[in-house]
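The structure appears right after this line, and notes come after that.
The values are calculated or read from the model by the stated rules, or taken from the named source; none is laboratory data. As the structure is a prediction and not an experimental result, all values here were calculated from the model. Don't worry about glycine lacking a Cβ; one is built from the backbone with ideal geometry, like all the others, and counts go over all protein chains shown.
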Amino acid sequence: MKLTVVIPTYNEAENVPKLIPALRRALEGIDYELLFVDDDSPDGTWRIVEEEQRKDARVRLLRRVGRRGLGSAIVEGIRAARGEFVVVMDADFQHPPELVPLLLREAERGAEVVVASRYRQGGGVRGWSLARRVISWGASLLAYLLLGEARKTSDPVSGFFLVKRGLNMEGVEGRGYKVLLEILAANPGAKVAEVPYVFSPRAAGRSKLGARDIADYALQVIWLSRPLRFALVGASGVLVNLGSMALLLSLGLPVDLASLTAIELSIAWNFSLHELWTFGSGFSRGVLRRYLGYHASVLAGALTQYLVMRLLYTLLSLNPLLGQLIGVFAGFLLNYALSRSLVWR
């Protein structure tokens, strides 16, 4: 099968009867299926899809009872898709059905991810309030700042996109509702293309975007951002360092021995969290080698921190505490770069 269109739904009974014939017209001549992933809608959306499924084998229903969430519904739909290419779109006509063949055309030219972009030339939004525009811009900015893979597209928070089957889906779980970000993060080498479109107001029903969705998105970006995870692990290592040193001193160990032991414990702590969380991607061999490599990167970062502080203090007479702070940042960047490129490739 050439194409699967995954459509997550919840209370879309007004839109689905119009969407299915619109997609049939748009996809004429293409071998496709329409896979509706419904979170047991109280308005009976799943019943409408079920009836269409009886009449047309190209319509499929995945009814999820007892679980809910846009992100997880999209991921479940992608995993259940039969097509060579998978398009994800909403059911409310904010994503134009006639754009689906254009996404497929870009994929057939070699793209592995095709993003329907509101921010590429020719795209845009209609009917949005200033607050909604600010939320969208802020979401994109947050992704650009914290997730390097997001910079491969002008609309990293788009909910309308195509992915080629066979892309790495390890770790893609739909933690937030912007699944595209997770897919981009899991496939940093993927070839990305864009198709501009105009985002329109809903045809019927109510928007489900709320404060919880915004908070979930922020947590999702933090989870995906390796530099930020690296920094959070480092911050926790400071607590381990100071706490273990205080404990060792209370047990009567000499200062130097307590300090060195605490440093080693914090390095081991940081390494373990980086191994499992920051860079964890199923590494199975060379743990000792990575541990020693991480020691080297930590040493290089500490040396950079000291040299930056000393140079700023000596050459510019900068306050040594301020110089130390700048040095910490420089050391962090070097430590992260070495860890990413040499320790956890």
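Look at P156 and say whether it is farther than 23 Å from M1 by Cα and under 15 Å from the mean Cα position of the chain (by Cα).
On the way: farther than 23 Å from M1 by Cα: yes; under 15 Å from the mean Cα position of the chain (by Cα): yes.
Yes: the conditions hold for P156.
Acidic (D, E), under 21 Å from the mean Cα position of the chain (by Cα) and within 23 Å of R175 (Cβ to Cβ) - does that describe any residue in the range 32-51? Reasoning before the result, please.
First pass over the range 32-51, keeping only residues acidic (D, E): 33, 38-40, 43, 50-51.
Retained after the next criterion (residues that are under 21 Å from the mean Cα position of the chain (by Cα)): none.
No, because not a single residue in the range 32-51 is acidic (D, E), under 21 Å from the mean Cα position of the chain (by Cα) and within 23 Å of R175 (Cβ to Cβ).
Would you mind finding the one in L299, L316 that is exposed (fewer than 12 other Cβ atoms within 10 Å of the Cβ) and at pLDDT 80 or above?
Details: L299 fails: exposed (fewer than 12 other Cβ atoms within 10 Å of the Cβ).
Only one candidate qualifies: L316.
Filter the range 19-58 down to residues that are of a type outside the set (D, E, K, R) and on the phi > 0 side of the Ramachandran plot, then give me how many there are. Spell out how you get there, then give the answer.
Initial filter on the range 19-58 (of a type outside the set (D, E, K, R)): 19-23, 26-27, 29-30, 32, 34-37, 41-42, 44-46, 48-49, 53, 57.
Right, trim to on the phi > 0 side of the Ramachandran plot and you get 29, 44.
Residues meeting the conditions: 2.
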Quiz item: Taking the range 129-161, which residues are free of Cβ contacts under 8 Å to residues at least 60 places away in the same chain and either assigned to a loop (DSSP other than H, G, I, E, B) or outside the structural domain of V198 (by TED's automatic domain parsing) (or both)?
Solution: S129, T153, S154, D155, P156, S158
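Considering only the range 72-96, state which residues are small (G, A, S) and surrounded by fewer than 19 Cβ atoms within 10 Å (Cβ to Cβ).
Looking only at the range 72-96, we keep the residues that are small (G, A, S), and these are 72-73, 77, 80-81, 83, 91.
Result: A80, single match.
Identify, from the list F332, F271, the residue that is in contact (Cβ under 8 Å) with a residue 24 or more places away in the chain, aromatic (F, W, Y) and in a helix (DSSP H, G or I). I'd like the intermediate steps shown before the answer.
Numbers: F271 fails: in contact (Cβ under 8 Å) with a residue 24 or more places away in the chain.
When all the criteria are applied, what remains is F332.
Could you tell me whether L19 is at pLDDT 95 or above, assigned by TED's automatic domain parsing to the domain that holds F85 and touching a helix residue (DSSP H, G or I) at 6+ places or on another chain (Cβ under 6 Å)? Before the answer, list the steps.
Numbers: at pLDDT 95 or above: yes; assigned by TED's automatic domain parsing to the domain that holds F85: yes; touching a helix residue (DSSP H, G or I) at 6+ places or on another chain (Cβ under 6 Å): no.
Judged against the criteria, L19 is not a match.
Which of the following residues is at pLDDT below 80 and part of a helix (DSSP H, G or I): R340, R345, R285, R289?
Details: R345 fails: part of a helix (DSSP H, G or I); R285 fails: part of a helix (DSSP H, G or I); R289 fails: at pLDDT below 80.
So the residue among R340, R345, R285, R289 that is at pLDDT below 80 and part of a helix (DSSP H, G or I) is R340.
For G234, are the conditions met, namely being closer than 30 Å to L181 by Cα, among the small types (G, A, S) and modelled with pLDDT under 80? I'd like the intermediate steps shown before the answer.
On the way: closer than 30 Å to L181 by Cα: yes; among the small types (G, A, S): yes; modelled with pLDDT under 80: no.
Taking the combined requirement at face value, the residue does not satisfy it.
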Exercise. Give the residues of the range 31-53 that are within 20 Å of G83 (Cα to Cα) and loosely packed, with under 14 Cβ neighbours inside 10 Å, sorted by residue number.
Key: D31
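Return the only residue of I48, I7 being β-branched (V, I, T), at pLDDT 95 or above, part of a helix (DSSP H, G or I) and assigned by TED's automatic domain parsing to the domain that holds P101.
One residue alone meets the criteria, I48.
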